[in-house]
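The values are calculated or read from the model by the stated rules, or taken from the named source; none is laboratory data. Note that the structure is a prediction, hence the values are computed from the model and not measured. Heads up, the Cβs are rebuilt from the backbone with ideal geometry, glycines too, and the neighbour counts pull from every protein chain shown.
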Amino acid sequence: MPEHTRQPIKTNLFTAFATWPPNLQFENQEKNEVVILFLRQHLITLVPVVLFAVVYFLAPPFVFPLFIKMLSPAVKISVGYITVGLLFWYIAGFGVVLAKFLYWFFNIFIVTNDRIVDIDFINLLYKDIAEARIERVQDISYNMKGIFATMLNYGNVVIQTAGELPNFSFELVPKPSEVLDIISDELKKKNISTKDD
């Protein structure tokens, strides 16, 4: 395989795939470490969240009148209670959408010239960071399941490492074949062969 071309891609709020991103730094980055690849899950994974948000935020004009009609005629609900109910409805919906977005936004996969870093955001108070030196990589593979994954070019990249280190699974990332090529090229620079070579 030819060595992957070095094409810097700037990152923004919704970047899911960037090669050699300029000015990108992360926690615990070493002095001479260069970020080669920045990944998040494909943007298509946010579509269910967006659909939920649209339906959830448009539902009250239909749901609340039905709920009030189901109550017996003797029960009267004041406007204040309806207002509080609507506020609770929208705050709860906003909380769910924000939590899903933060999960997508902060779950990051990084490949540098020295290591592979997997940052898993669990919630606001907990994150899990796994890393492995690039020299420990033994095997790289990817899979794309389904028609949407094939059409939109996203899938899972699995990186097996030596010893007791964890295997890395970059799930639902864009351009999995390109991810595999970039990591393979970096391994070749360090004269490391994998089972795929």
Quiz item: If the Cβ limit is 7 Å and pairs must be 6+ apart or interchain, which residue in segment 74-91 that is closer than 21 Å to Tyr56 by Cα pairs with which residue that is modelled with pLDDT of 80 or more?
Solution: Leu86/Pro60; Trp89/Pro60; Tyr90/Phe57
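Let's see how each residue does on (1) under 19 Å from Ile129 (Cβ atoms); (2) at pLDDT 85 or above:
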{"site": "His4", "(1), (2)": "no, no"}
{"site": "Gln7", "(1), (2)": "no, no"}
{"site": "Asn12", "(1), (2)": "no, yes"}
{"site": "Thr15", "(1), (2)": "no, yes"}
{"site": "Trp20", "(1), (2)": "no, yes"}
{"site": "Asn23", "(1), (2)": "no, no"}
{"site": "Phe26", "(1), (2)": "yes, yes"}
{"site": "Val35", "(1), (2)": "yes, yes"}
{"site": "Arg40", "(1), (2)": "yes, yes"}
Exercise. Quick one: Ala53 ticks every box in (1) part of a helix (DSSP H, G or I); (2) more than 22 Å from Leu102 (Cβ to Cβ); (3) touching a residue at least 24 places away in the same chain (Cβ under 8 Å) except a single one, so which number is it?
Key: (2)
Quiz item: Which one is surrounded by the most Cβ atoms within 10 Å (Cβ to Cβ), of the residues in segment 147-162 that are over 26 Å from Asn113 (Cβ atoms) and out of contact with any Gly (no Cβ under 9 Å at 6 or more places or on another chain)?
Solution: Leu152
